[in-house]
Amino acid sequence: MAVIDNEKRVYKVPEIQEVLGMGRSKTYAFVKEVYDKKGPFRVIKIGESYRIPCHSFDQWLFGDEERVRD
């Protein structure tokens, strides 16, 4: 059986919306576009829901800064 830790692994679209400071409709359209184009970060679609792996999104957002923050 897999052990799941408490570290957050994925973002939901409303969290991406808050981080990017975009409206709801534009954020969903952006995430769908990223999913369809398969980049610049990873998006997982489960049914009608989207999940964005934290590491992939953060690496896209912060680039090399992420290494400096660690």
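When segment 1-17 is limited to residues that are more than 16 Å from TRP60 (Cβ to Cβ) and modelled with pLDDT of 95 or more, the one that is most open to solvent (accessible area, probe 1.4 Å) turns out to be LYS12. Tallying residues that are surrounded by 16 or more Cβ atoms within 10 Å (Cβ to Cβ) and within 12 Å of VAL13 (Cα to Cα) within segment 36-63 yields 5. Within segment 19-47, residues that are under 18 Å from ASP58 (Cα atoms) sit with their Cβ atoms under 7 Å from residues that are of a type in the set (Ser, Thr, Tyr) and open to solvent by 70 Å² or more (accessible area, probe 1.4 Å), at 6+ positions apart or across chains, in these pairs: VAL43/TYR35. Each residue in segment 19-32 was checked for being loosely packed, with under 11 Cβ neighbours inside 10 Å and not in a loop (DSSP other than H, G, I, E, B), and 2 pass.
The values are calculated or read from the model by the stated rules, or taken from the named source; none is laboratory data. Just so you know, these numbers come straight off a predicted model, no measurement behind them. We place every Cβ from the backbone using ideal geometry, glycine too, and count neighbours over all the protein chains shown. Keep in mind that these areas ignore ligands, DNA and RNA; they rest on the heavy atoms of the full protein, side chains included. Shrake-Rupley method; radii C 1.70, N 1.55, O 1.52, S 1.80 Å.
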